[in-house]
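What follows is one structure encoded as structure tokens, with my remarks underneath.
No value in this document is a laboratory result; all are computed from the given coordinates. It should be emphasised that the depicted structure is a prediction, and the values quoted were computed from it without experimental measurement. Here Cβ is always computed from backbone atoms with ideal geometry, including for glycine, and neighbour counts include all displayed protein chains.
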Amino acid sequence: MKRHELERLAKHYRAGKVTLADFCSQVMQPKSEQLSDTTLDIDRARRCGFPEVVFGEGKSVETIVEIFSKQQQRGDKSLATRIDDAKGAALKELLPEGIYHEKARTFRMPSDEPTWGNVGLVTAGTSDLPVAEEARETLRWMGIEPVFIQDVGVAGPHRFGEQAHLLSNADAVIVVAGMEGALPSVAGGHLACPVIAVPTSVGYGASFQGVAALLGMLNSCASNVTVVNIDAGFKGAYLAGLISLRVLQAKSQPEG
């Protein structure tokens, strides 16, 4: 049960519109639901801010469709990551209203809810776009349209500085970079908000498929930089979305 649903139910109980037995039965609803070959966590949004997301690798199209169908019945948002072209085409055929993003390798169901939040998304190079697009599609699934700045890596350090003002009011900024992974430190030195660094596996041999960028970001001297796993655009976006959600909730609280 989502927070607003619980609050409404409690108010109805206090007003005498709901019996104690009905109140208890609704509050004690199961927190998971067994599907054909998965156990869907239907309590995830209440606990963690957003519904369960499907990691698409290794899951059949039928399994993903079943999960999405159950989520849509409940009014939850639906997102699957790491969806290849063949699986994306099959999902699009079965769920024609869904949105498949080839570069991000994501499939999500659209929402008519208004956008909210203030998150920045920055890439060091064009080669980092697949990971950045995964982050952007995750943010869109949440309902956030990020400020997106592309191709401002440290080989041309003036490029980030010229656009940093676009991120001055951001609740959080995601910085996606490969090679030596220096851009998050540059961003952290310009911005007064959490910077979530996402290392990518872009680079030559000594980059070790993103390990060099990961270690460089972990050793950042910018105090506001934190780091997620290699190529984890989804994880970076999820964290940024939670930060932005907390900011929104704090602003909506009455003063005093």
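Between beta-carbons, use under 14 Å as the cut-off and find the net charge around Val154, counting Lys and Arg +1, Asp and Glu -1.
Values: positive: Arg159; negative: Asp128, Asp151, Glu162, Glu180.
Net charge around Val154: -3.
Karplus-based coupling profile of segment 105-118, in residue order and whole Hz: 6, 10, 9, 9, 8, x, 9, 9, 6, x, 6, 8, x, 9, with θ = phi - 60° in 6.51 cos²θ - 1.76 cosθ + 1.60 and x standing for Gly or Pro. Each Lys or Arg adds one and each Asp or Glu subtracts one; over the other residues with Cβ under 10 Å from the Cβ of Lys31, this totals 0. Annotation: amide H-H contacts under 5 Å for Ile174 (H modelled 1.01 Å from N, sequence separation of 5 or more, or interchain): Gly120, Leu121, Val122, Ile196. Within the chain, which DSSP H helices have Cα atoms that stretch 27 Å or more along the helix axis and a mean Kyte-Doolittle hydropathy of at least 0.5? Once both thresholds are applied, what remains is 233-252.
Rounded to the nearest 0.05, what FRET efficiency do Asp22 and Glu62 give with R0 = 45 Å and r taken as the Cβ-Cβ distance? Could you check? The partial results should precede the final answer.
On the way: r = 36 Å, r/R0 = 0.80.
Once the sixth-power term is evaluated, E becomes 0.80.
If R0 is 35 Å, the Cβ-Cβ spacing of Glu162 and Ala206 corresponds to a FRET efficiency of close to 0.70.
Sequentially through segment 186-197, phi angles give Karplus couplings (6.51, -1.76, 1.60; θ = phi - 60°) of 4, 4, x, x, 9, 10, 9, 7, x, 10, 9, 8 Hz, Gly and Pro residues having no value and appearing as x.
In the chain, helices alone account for a calculated mean residue ellipticity at 222 nm of -12000 deg cm²/dmol, with every DSSP H run of four or more residues adding -39,500 (n - 2.57). Sorted on the mean count of surrounding Cβ atoms within 10 Å across their residues, most packed first, peptides 96-102, 59-65, 111-117 read 59-65, 96-102, 111-117.
Each Cα pair under 8 Å and six or more residues apart adds its sequence gap; the mean of these over the residue count of the chain is a relative contact order of 13 percent.
When the chymotrypsin sites (Phe, Trp or Tyr not before Pro) in segment 140-206 are filtered for DSSP coil states and for at most 16 other beta-carbon atoms within 10 Å of their beta-carbon, the remaining sites are Tyr204.
By the scheme Lys and Arg +1, Asp and Glu -1, what is the net charge of all other residues having a beta-carbon under 15 Å from that of Ala212? Provide the component values of the computation, followed by the final result.
Values: positive: none; negative: Asp128, Glu180, Asp231.
Every neighbour counted, the sum reads -3.
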